[in-house]
Amino acid sequence: QFVHFVGTVAGEDIGILSLNTRQFPEVEIDSFGILPGLIGRGIGRAFLSEALDTIWADSPKRIWLHTSSDDHPNALRNYLARGFRIYEP
């Protein structure tokens with residue numbers, strides 16, 4: 001199943017988070033992003049940290065995501081800073 005969230009700050013939308021929980025206890029972050037006008041203000045960092053705290057509260061075994069060449073250039077740095085590791089099978 002997919003679970004979708006809209007991130008908000010002070011009642012204003014800031015971005016989206018979509019989770020694929022079909023393989024729970026593994027959770028995939030299927031989509032994550034903030035609105036273009038908010039990039040570079042630390043909001044993505046805070047939103048991802050809050051999202052991960054919320055996901056970990058359900059005691060998954062693993063949280064993972066795919067990156068893409070379409071990601072913002074700072075996305076990988078944000079993921080690594082939040083504890084993700086690069087995995088190449």
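The values are calculated or read from the model by the stated rules, or taken from the named source; none is laboratory data. Because the structure is predicted, anything quoted here is derived from the model rather than measured. Virtual Cβ from ideal backbone geometry, glycine too; neighbours counted across all protein chains shown. The accessibility values were calculated without ligands, DNA or RNA, using every heavy atom of the protein model including side chains. Shrake-Rupley method; radii C 1.70, N 1.55, O 1.52, S 1.80 Å.
Multiplying the sequence separation of Ser49 and Thr67 by 0.36 nm and subtracting their Cα-Cα distance, what value in nm do you get?
Values: separation 18, 0.36 × 18 = 6.48 nm, distance 1.71 nm.
Answer, rounded to one decimal: 4.8 nm.
Calculate, for the chain, the solvent-accessible area per residue in square angstrom, rolling a 1.4 angstrom probe over the heavy atoms of the protein chains. Kindly include the intermediate steps, with their values, before the conclusion.
On the way: 6350 Å² over 89 residues.
Heavy-atom accessible area per residue stands at 71 Å².
Treat every Asp and Glu Cβ in the chain as -1 and every Lys and Arg Cβ as +1, leave all other atoms uncharged, and give the resulting dipole magnitude about the Cα centre to the nearest 20 debye. Mind showing how you got there, number by number?
Values: 8 positive and 11 negative charges, 57 e Å.
Rounded to the nearest 20 debye, it is 280 debye.
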- Message: Applying a 10 Å radius around every beta-carbon, put 2-13, 72-83 in order of their mean neighbour count, most first.
- Response: 72-83, 2-13
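Taking the Cβ-Cβ separation of Arg77 and Phe5 as r and a Förster radius of 22 Å, what is the calculated FRET efficiency to the nearest 0.05? Don't skip to the answer; put the middle values down first.
Values: r = 22 Å, r/R0 = 1.02.
E(calc), rounded to 0.05, equals 0.45.
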- Ranked by accessible surface with a 1.4 Å probe, highest first, in what order do Ser69, Ser31 come? Ser69, Ser31
- How large, in percent, is the carbon and sulfur part of the accessible surface of region 47-89 at a probe radius of 1.4 Å? 50 percent
- Place +1 on the Cβ of every Lys and Arg and -1 on the Cβ of every Asp and Glu in the chain, take the dipole about the Cα centre, and give the residue among Pro36, Gln1, Leu52 whose Cα lies farthest towards its positive end. Leu52
- Message: From the phi angles alone, apply the Karplus equation (6.51, -1.76, 1.60; θ = phi - 60°) to region 16-33 and give each ³J(HN,Hα) in whole Hz, x where the residue is Gly or Pro.
- Response: 10, 9, 10, 10, 9, 10, 4, 9, 3, x, 8, 10, 9, 7, 7, 8, 8, x
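Once you keep just the Cα pairs under 8 angstrom separated by 6 or more residues, what percentage relative contact order results for the chain? All intermediate terms of the calculation are to be shown ahead of the outcome.
On the way: 100 pairs, mean separation 19.9, N = 89.
Normalised by residue count, the contact order of the chain is 22 percent.
Can you tell me how much longer the chain between Ile86 and Phe24 gets when fully stretched, taken as 0.36 nm per residue apart minus their C-alpha distance, in nm with one decimal?
Details: separation 62, 0.36 × 62 = 22.32 nm, distance 2.09 nm.
Between Ile86 and Phe24, full extension yields 20.2 nm more.
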- Note on the structure: Read-out percent of Cα pairs over 20 Å apart, candidates (1) 32; (2) 43; (3) 59; calculated match is (1)
